[in-house]
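J.: One structure, pasted below without further comment.
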Amino acid sequence: MKIETIAIHAGNHTDASSKAVIQPIVMATTFERDADGGFSSGYQYSRSANPNRTALETVLAQLENGAEAAAFSSGNAAGMSVFQSLEPGTHIIAPDDMYHGLRNQIKSLFTGILEFDFIDVNDEEILKAHIKPNTGVIWIETPSNPLLKITDISKVVAVARKHNVKVVCDNTFATPVCQNPLNLGADIVMHSATKYFGGHSDLMGGALITAQKSDWWEKIRNVQTMGGAIPSPMDCYYLVRSIKTLPYRVKGHVHNAQLLAEFLDKHPAVESVMYPGLPTHPQYDIAKAQMTYPGAMMSFTLKGGEEKAKNVINSLRVFTQATSLGGVESLIEHRASVEGPDTKTPFNLLRVSVGLEHIDDLIADLEQAMA
Ligand code: PLP
């Protein structure tokens, strides 16, 4: 089935007892045993499994064409579960441009437990040179946050396979509507479900989807259920509900993003635009080959430095100045301020999550703010 159909049906079933067409929310933390002590319903205790989480994991697995999915209380909890599942001393290769919250998690919580290098994973020679006998995972994020760098997923997978290394891809910016890393050979896909899956800036969630079941996946499952960083039944319900409109929302976001990027690209106040849908993007060809759509996140730098950037952001009326992304409302942020003192992000850079307002209103707002 096509993604629009999967998004609507895979996470939902008619309730057997009431015939309600939408699956009910099961708030129970515990489930009744059978007379013989068994659990014929398949449920025992909600940290291990809950019907709403099962529904969410079912649709997530199908959206990414995976064997199984595990849902978490946030994107960072999903990432953390991957790192916690690795043997101490495992070496991780991660990109030089990636979500700063996960980079900080690796550096602050796993120093002395795991080894890591942050490199340009898209440069094959650099990548090969950094693989060591204890390298276990190459972590990629494409498009990357906040510079919208594209990593050639198949190329990284080919190098990883030769060295028996696993590839995990953070697919948050792309969503399964724009890109399916498992189809390109990645072993696990990670998402911050807080973003496009939730889609309305009102819940936190995370997900991992595996290409195939394995001993490693079982360890990740154990981290999920024993560690307990699970989403509530309510959050699972809302995610399943929002995912039903994901394909159409993402296509709307992409439509606006392409037009906004083209507008910014021509504007005299703008120094550069980072958007994989523009032919001027240095990895436009890779993006075109591996993505169905170029996504709806972009960054741009302004002539006039940090002062001009902050001036623009404070003059906007439709865009909200806030971090995060993937909601129906357009958000804009001065990324270097969000990332903190060790940021490498240019100080004249603004990151935009393009929403679903009318594109004319978004362009008019930026036009007046940049004037
Ligand atoms: N990965 C990317 C690309 C992100 O942008 C974010 C959050 O901004 C995360 C992971 C972390 O997700 P969460 O905030 O849900 O923990």
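The values are calculated or read from the model by the stated rules, or taken from the named source; none is laboratory data. Worth saying up front: this structure is predicted, and the values here are computed from it rather than measured. Heads up, the Cβs are rebuilt from the backbone with ideal geometry, glycines too, and the neighbour counts pull from every protein chain shown. Only protein heavy atoms, including side chains, enter the accessible area calculation; ligands, DNA and RNA are left aside. Shrake-Rupley method; radii C 1.70, N 1.55, O 1.52, S 1.80 Å.
J.: Between Ala49, Ala28, Ala77, which is within 16 Å of the ligand (Cβ to nearest atom), open to solvent by 10 Å² or more (accessible area, probe 1.4 Å) and among the small types (Gly, Ala, Ser)?
T.: Ala77
J.: Does the range 229-238 hold any residues that are more than 16 Å from the ligand (Cβ to nearest atom) and either open to solvent by less than 40 Å² (accessible area, probe 1.4 Å) or touching an Asp or Glu at 6+ places or on another chain (Cβ under 7 Å) (or both), and which are they?
T.: Of everything in the range 229-238, just one residue is more than 16 Å from the ligand (Cβ to nearest atom) and either open to solvent by less than 40 Å² (accessible area, probe 1.4 Å) or touching an Asp or Glu at 6+ places or on another chain (Cβ under 7 Å) (or both), namely Pro233.
J.: While we're here: Residue check, Ile138 against (1) over 24 Å from Pro282 (Cα atoms); (2) crowded, with 23+ Cβ neighbours inside 10 Å; (3) in contact with a strand residue (DSSP E or B) (Cβ under 8 Å, 6 or more places away or on another chain), all met but one. Which one?
T.: (1)
J.: Still on this structure: Based on what the data block shows, is Arg47 among the charged types (D, E, K, R) and touching a strand residue (DSSP E or B) at 6+ places or on another chain (Cβ under 8 Å)?
T.: Against the criterion (among the charged types (D, E, K, R) and touching a strand residue (DSSP E or B) at 6+ places or on another chain (Cβ under 8 Å)), Arg47 does not qualify.
J.: Of everything in the range 178-219, what is among the aliphatic types (A, V, I, L, M) and either more than 25 Å from Asn145 (Cα to Cα) or open to solvent by 10 Å² or more (accessible area, probe 1.4 Å) (or both)? Give them in sequence order.
T.: If the condition is that a residue be among the aliphatic types (A, V, I, L, M) and either more than 25 Å from Asn145 (Cα to Cα) or open to solvent by 10 Å² or more (accessible area, probe 1.4 Å) (or both), then Leu182, Leu184, Leu203, Met204, Ala211 are the ones that fit.
J.: Could you tell me which of the residues Glu115, Glu57 is in a strand (DSSP E or B), out of contact with any Leu (no Cβ under 6 Å at 6 or more places or on another chain), more than 15 Å from the ligand (Cβ to nearest atom) and modelled with pLDDT of 95 or more?
T.: Step by step, each of Glu115, Glu57 is checked, and only Glu115 is in a strand (DSSP E or B), out of contact with any Leu (no Cβ under 6 Å at 6 or more places or on another chain), more than 15 Å from the ligand (Cβ to nearest atom) and modelled with pLDDT of 95 or more.
J.: Picking from Asp123, Asp170, Asp187, which residue would you name as being acidic (Asp, Glu) and within 12 Å of the ligand (Cβ to nearest atom)?
T.: Going through Asp123, Asp170, Asp187 in turn, just one is acidic (Asp, Glu) and within 12 Å of the ligand (Cβ to nearest atom): Asp170.
J.: Would it be correct to say that Leu278 is open to solvent by less than 10 Å² (accessible area, probe 1.4 Å) and in the same structural domain as Phe197 (by TED's automatic domain parsing)?
T.: Against the criterion (open to solvent by less than 10 Å² (accessible area, probe 1.4 Å) and in the same structural domain as Phe197 (by TED's automatic domain parsing)), Leu278 does not qualify.
J.: Evaluate the following for Asp342: is it out of contact with any Ser or Thr (no Cβ under 9 Å at 6 or more places or on another chain) and either assigned to a helix (DSSP H, G or I) or modelled with pLDDT of 95 or more (or both)?
T.: So Asp342 fails the test.
J.: When the range 144-156 is examined, which residues are found to be away from the ligand (no atom under 16 Å from the Cβ) and open to solvent by less than 10 Å² (accessible area, probe 1.4 Å)?
T.: Within the range 144-156, Val156 is the sole residue that qualifies.
J.: Ok, one more. State the number of residues belonging to the range 185-221 that are more than 17 Å from the chain's Cα centre (by Cα), more than 15 Å from Gly75 (Cα to Cα) and either in a loop (DSSP other than H, G, I, E, B) or of a type in the set (A, V, I, L, M) (or both).
T.: Count: 4.
J.: What are the residues in the range 118-133 that are in contact (Cβ under 8 Å) with a residue 24 or more places away in the chain, farther than 18 Å from Leu147 by Cβ and part of a loop (DSSP other than H, G, I, E, B), if any?
T.: Result: Ile131, Lys132.
J.: What number goes with the only condition from (1) within 15 Å of the ligand (Cβ to nearest atom); (2) more than 30 Å from Pro181 (Cβ to Cβ); (3) not polar (S, T, N, Q) that Val270 does not pass?
T.: Of the numbered conditions (1) within 15 Å of the ligand (Cβ to nearest atom); (2) more than 30 Å from Pro181 (Cβ to Cβ); (3) not polar (S, T, N, Q), the odd one out for Val270 is (1).
J.: Hey, can you tell me all the residues within the range 261-287 that are over 17 Å from Val250 (Cβ atoms) and assigned to a helix (DSSP H, G or I)?
T.: Glu262, Phe263, Leu264, Asp265, Lys266, Tyr284, Asp285, Ile286
J.: Answer yes or no: is there a residue in the range 281-302 that is farther than 30 Å from Ala71 by Cα and over 23 Å from the mean Cα position of the chain (by Cα).
T.: Yes.
J.: For the range 118-135, give me each residue that is surrounded by 19 or more Cβ atoms within 10 Å (Cβ to Cβ) and at pLDDT 95 or above.
T.: Answer for the range 118-135, where residues must be surrounded by 19 or more Cβ atoms within 10 Å (Cβ to Cβ) and at pLDDT 95 or above: Val121, Leu127, Thr135.
Conditions (1) open to solvent by less than 10 Å² (accessible area, probe 1.4 Å); (2) within 30 Å of Tyr248 (Cα to Cα), marked per residue:
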{"residue": "Ser315", "(1), (2)": "no, no"}
{"residue": "Val318", "(1), (2)": "no, yes"}
{"residue": "Leu331", "(1), (2)": "no, yes"}
{"residue": "Thr343", "(1), (2)": "no, no"}
{"residue": "Pro346", "(1), (2)": "no, no"}
{"residue": "Val354", "(1), (2)": "yes, yes"}
{"residue": "Asp361", "(1), (2)": "no, yes"}
{"residue": "Gln368", "(1), (2)": "no, yes"}
